[in-house]
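Working notes, structure below.
The values are calculated or read from the model by the stated rules, or taken from the named source; none is laboratory data. Note that the structure is predicted; figures quoted are calculated from it, not measured. So basically every Cβ, Gly included, is an ideal-geometry build from the backbone, and we count neighbours across all protein chains shown. Protein only, heavy atoms only, side chains kept; ligands, DNA and RNA dropped before computing areas. Shrake-Rupley method; radii C 1.70, N 1.55, O 1.52, S 1.80 Å.
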Amino acid sequence: MSSPSVQVVIVDDDSSVRWIIEQSLDLAGISYVSAATGAQGIELINLHRPPLAIVDLKLGAMSGLDVLRGIACPRQTKALLITGYASSLRDQLKDLPVLAVMEKPFDIQDLLRVVEEALRPSA
Amino acid sequence: MYSEKVNQLVKRRVTEILDSIRHGVVVVDGKGMLLYANKAAAGILQKMGIPLADKRNIAELGLNREMERAVQEAAAGASFHKQQCQVNCNGVSMHLSWDAVPIVAGGRKAGAILLVEDETEAVAMARQLKEWERLAAAGEAVAGLAHEIRNPMAAAQGILQLLDLTDDNEQRKKLMARFSRELDRMNDILTNYIDLIQPPAEEEVELIDVLEVTKSVVALIEGEAALYNIGVSIRPVQPVPRVLGDPGLLKQAFLNIVKNAIEAMTEGGALRISMGCAGAQAWVEFKDNGSGIPPEHQDNVFRPFFTTKVAGTGLGLALSRRIVRGMGGEIKISSSQLGTVVTVYLPAICQDVWR
Ligand SMILES: Nc1ncnc2c1ncn2[C@@H]1O[C@H](COP(=O)(O)OP(=O)(O)OP(=O)(O)O)[C@@H](O)[C@H]1O
Ligand SMILES: [Mg+2]
């Protein structure tokens, strides 16, 4: 069984972006853990198997897509990708469990809407 | 007659050969009278709007002045090689490259040959390629910038929204401070970026003692190196290499390289710096036994914004290379699992003066 306590894993190498996402999830009372690197992100996702991962597309050497490919149980965890530059991304998303792509800067209300949608029991 | 037949055969063969090459060949006698033009020549002249058929003398062709004069001078014995010209005819611009050489028969001047090649397409292609390259480089740089700067933008936008949600004064103050930090970050990113694409304002060019610069860089990072248990050594040489440039910039270039080496050896190690001169070239080598650069990243390390570090900007090596190239030099990197060697090559100032 996965631990029920973690609803979202955040993977972003930028501490400010991580912080603002954490603040938003706090506001909505959603539980999360955060990773600053792709490798750590994969580890946390596979450990907690959360329903949602919020993943930055550009993570230093590793790409956010690499993180998605490293998810052991893609049926369980869907991803919300965030990126500063989304061009020509669509083709690469095939076969990956991506719910939505959100461009930075994003509205935290929009972010929470997507997150809550993803966490709704029927989803 | 037999020899007449052979003659005609040879003539036909030569004509066939000349008609199948893409160079235009025009032959004139000593007075500039047209003796022969191959198919390619007729084709090029036609493109220039010059029908060859009814012309007798090179002067009637209305070639560009330079070419016409060269043919006349060639008939008098002068040679012109690999000349370039651009002609405009009927609103179309053509790039031609041409040669004009004398014909010498039996030891006597017997006229001249004009060889013309139409390079219009090649020139257009080269231009297009350059433009594509420029656009690709600019696009890549802008995409990198977008990625980088939208992080603080995302944070700033979120902070504004959080500000809207709280009345607590302490909380608001904290958020404001954060907001201003994010603005600073945006500014830093842009400043780094501008440094990268703009030539340094006032360069102070002077004779630089490479050993001195290296020592001053090592002095800056010695503390950090000791913290990580990294030994740093400089192997001096005689005579010390000297180069021309701005010592402040060279120091920056070396510092970025040295910082990378330290950052690759957080488990301890050794950074060995050596230098020397080979002819007119000075070299400085920075050798670490750190993590190394995986082969798949080796092509990328000079790219602006390429970084594998959580807090890296990815601009260090890009800036170093810019500085070194600005001094007429180059940086080379080789790396394996055993560590990384970064070598800076610079044009050296003649050593004899210093002995
Ligand atoms: N000596 C080295 N050993 C191992 N990897 C290196 C070394 N030098 C450079 N690299 C690799 O090249 C990348 C780019 O280096 P660069 O100095 O341009 O940026 P950075 O060090 O990541 O960021 P910054 O210089 O802004 O701190 C690094 O992230 C690292 O992966
Ligand atoms: Mg660096």
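Over all projection directions, the Cα-based convex hull of the stretch B:124-197 averages an area of 5.7 nm². Normalised by the number of residues in the stretch B:213-275, the mean separation of alpha-carbon contacts (under 8 Å, six or more apart) gives a relative contact order of 55 percent.
Kirkwood hydrodynamic radius computed over chain B comes to 26.8 Å, based on all pairs of distinct alpha carbons.
Modelled spin-label separation between B:Leu129 and A:Ala28, with each label point placed 7 Å from Cα along the Cα-to-Cβ direction: 5.2 nm. Buried area at the B:A interface is about 2100 square angstrom, summed over both chains, from accessible surfaces computed with a 1.4 angstrom probe. Ordering B:Val10, B:Ala37, B:Val26 by the projection of their Cα atoms onto the charge dipole of the stretch B:2-118, which places +1 on the Cβ of Lys and Arg and -1 on the Cβ of Asp and Glu, puts B:Val10 at the extreme positive end.
Full extension of the chain between B:Asp188 and B:Asp164 yields a length gain of 6.0 nm, computed as 0.36 nm times the residue separation minus the alpha carbon distance.
Counting only other chain Cβ atoms within 10 Å of each residue's Cβ, the peptide A:33-41 averages 1. Mean-square fluctuations from a GNM of chain B, with a 10 angstrom spring cutoff on Cα atoms, peak among B:Leu129, B:Leu315, B:Leu145 at B:Leu129.
What the phi angles of the stretch A:57-65 give under the Karplus curve with 6.51, -1.76 and 1.60, with θ = phi - 60°, is a coupling list of 6, 10, 10, x, 6, 8, 9, x, 5 Hz, glycine and proline written as x. Looking at the protein assembly as shown, the accessible area is 56 square angstrom per residue; that uses a 1.4 Å probe and ignores ligands, DNA and RNA. I need the shape label for the stretch B:229-355. Rule: rounded when a/c is under 1.5, else prolate if a/b > b/c, else oblate, with a, b, c from the alpha carbon gyration tensor. It is prolate, given that a/c is not under 1.5 and a/b is the larger ratio. Rounded is the label for the stretch A:8-119, because a/c, from the alpha-carbon gyration tensor with a ≥ b ≥ c as root eigenvalues, stays below 1.5. Which one, A:Ala86, A:Gly70, A:Val11, projects farthest toward the positive side of the charge dipole computed for the stretch A:8-119 from Cβ point charges (K/R +1, D/E -1)? Comparing the listed Cα positions along the dipole, A:Gly70 ranks first. Rg and Dmax over the alpha-carbon atoms of the protein assembly as shown stand at 34.1, 117 Å. Accessible-area loss of 50 Å² or more (1.4 Å probe, protein heavy atoms, chain alone versus all protein chains) is found in the stretch B:283-324 for B:Val310.
Here the simple spin-label model places points 7 Å from the Cα toward Cβ, and for B:Gln337 and B:Ser93 these points are separated by 5.7 nm. In the structure displayed, which of B:Lys287/B:Lys309; B:Lys11/B:Lys55; B:Lys11/B:Lys39; B:Lys39/B:Lys109; A:Lys58/B:Lys174 lie more than 18 Å apart, Cα to Cα? Over 18 Å apart, Cα to Cα: B:Lys287/B:Lys309; B:Lys11/B:Lys55; B:Lys39/B:Lys109; A:Lys58/B:Lys174.
In this simple spin-label model, placing a label point 7 Å from the Cα along the Cα-to-Cβ direction at both B:Lys5 and B:Ser20 gives a separation of 2.4 nm.
List the relative contact order of the stretch B:174-246 as a percent without decimals, with contacts defined as Cα pairs under 8 Å and 6+ residues apart. Across the stretch B:174-246, relative contact order equals 44 percent. Dividing the mean sequence gap of close Cα pairs (under 8 Å, 6+ apart) by how many residues chain B holds gives a relative contact order of 10 percent. The dipole here belongs to the stretch B:112-158: it is taken about the Cα centre, uses +1 on the Cβ of Lys and Arg and -1 on the Cβ of Asp and Glu, and is about 400 debye. Gyration tensor analysis over the Cα atoms of the stretch B:2-118 returns equivalent ellipsoid semi-axes of 24, 18, 13 Å (largest first, whole Å).
Remark: the Cα gyration tensor places the stretch A:9-65 in the oblate category, a/c being 1.5 or greater and a/b not exceeding b/c. Per-atom-type breakdown for the protein assembly as shown gives carbon and sulfur 53% of the accessible area (1.4 Å probe, protein chains only). Burial of accessible area (probe 1.4 Å, heavy atoms of protein chains only) in the stretch B:132-165, relative to its chain alone, reaches at least 30 Å² for B:Ala143, B:His147, B:Arg150, B:Asn151, B:Ala154, B:Ala155, B:Gln157, B:Gln161, B:Leu162, B:Leu165. FRET efficiency for the pair B:Ala53 and B:Ala138, taken as 1/(1 + (r/R0)^6) with r the Cβ-Cβ distance and R0 = 51 Å, rounds to 0.55. Peptide A:10-23 shows a mean partner chain C-beta count of 5 within 10 Å per residue C-beta.
Here r is the Cβ-Cβ distance between B:Asp195 and B:Leu220 and R0 is 22 Å; the resulting FRET efficiency, rounded to 0.05, is 0.70.
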